[in-house]
Amino acid sequence: MKKILTLFAVVGLFAFSSCEGPEGPPGQDALMPEAFEIKNVNLGKFADNEYNLKSTFQFEVGGPLFDDETVLIYRLTGTIDSSTPIWQLIPNTVYFDNGTRLSYDFDFSKIDFVITAKGNYNLSSTPGYINNQTFRVVIVPSKLAASVNKNNYLEVMAAAKLSESQIQKVNL
């Protein structure tokens, strides 16, 4: 009798160990890099010599960020030709010959981000730095961000396996 019970126990163990249940919630493997572009942005005055843009990730396909995702933001600073844009990682500071400076910075949470431009002068005197701006927001797993040269936009996009056709165009 003990041999039969032992046999049933062993058979039951194999039967239950090979069963599959419903798929669990998304985890680390579900992190998919994304990128979107915001064109023709006019930063709004926030304080003296400080302008910003605040937006949520509501237009992101995946919704709020996962705990292990990070955000990189690049500002379009010019073009080499019509098909070669120049992207500069922010935070970044622009220094002018007269001793003034303008700093771009950003912060983000799981649901929103803020891009800020601050200067040690009246920024409205240089509207080309606060009006009609274009930004690229790249959302990547934190592990990828730690292993790539973030200053090189093309290297980040290659590491994230994102192509130009996958960049979402967003109007704010």
Taking θ as phi - 60°, what are the ³J(HN,Hα) couplings along the range 158-167 by the Karplus curve (6.51, -1.76, 1.60), each to the nearest whole Hz, with x for Gly and Pro?
5, 5, 7, 6, 10, 10, 4, 5, 8, 7
Under 25 °C and 0.890 mPa s, how fast does the range 30-170 diffuse according to Stokes-Einstein, given a Kirkwood radius computed over C-alpha pairs? Answer in µm²/s, whole number.
155
Show me, for the range 142-153, the HN-Hα J-couplings you get by feeding each phi into the Karplus relation (A = 6.51, B = -1.76, C = 1.60, θ = phi - 60°), rounded to Hz, glycine and proline as x.
4, 4, 5, 4, 6, 10, 10, 6, 5, 5, 9, 3
So who's got an amide H within less than 5 Å of the one on Phe46, skipping anything under 5 residues away but keeping other chains? H placed 1.01 Å off N, in plane.
Tyr51, Asn52
Provide the net charge surrounding Ser142, with neighbours chosen by a C-beta distance below 10 Å and charges set as Lys +1, Arg +1, Asp -1, Glu -1.
-2
Linear extension gain, Asp48 paired with Thr70, 0.36 nm per residue minus alpha-carbon span
5.0 nm
So how do Thr100, Thr93 line up by other beta-carbon neighbours within 10 Å, fewest first?
Thr93, Thr100
Quick one: what are the phi-derived ³J(HN,Hα) couplings along the range 65-70, Karplus 6.51/-1.76/1.60 with θ = phi - 60°, whole Hz, x for glycine and proline?
5, 6, 4, 9, 10, 10
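Where a number appears in this text, it was derived from the coordinates with a stated rule and is not lab data. As the structure is a prediction and not an experimental result, all values here were calculated from the model. Ideal geometry is used to build each Cβ from the backbone, glycine not excepted, and the neighbour counts take in all protein chains shown.
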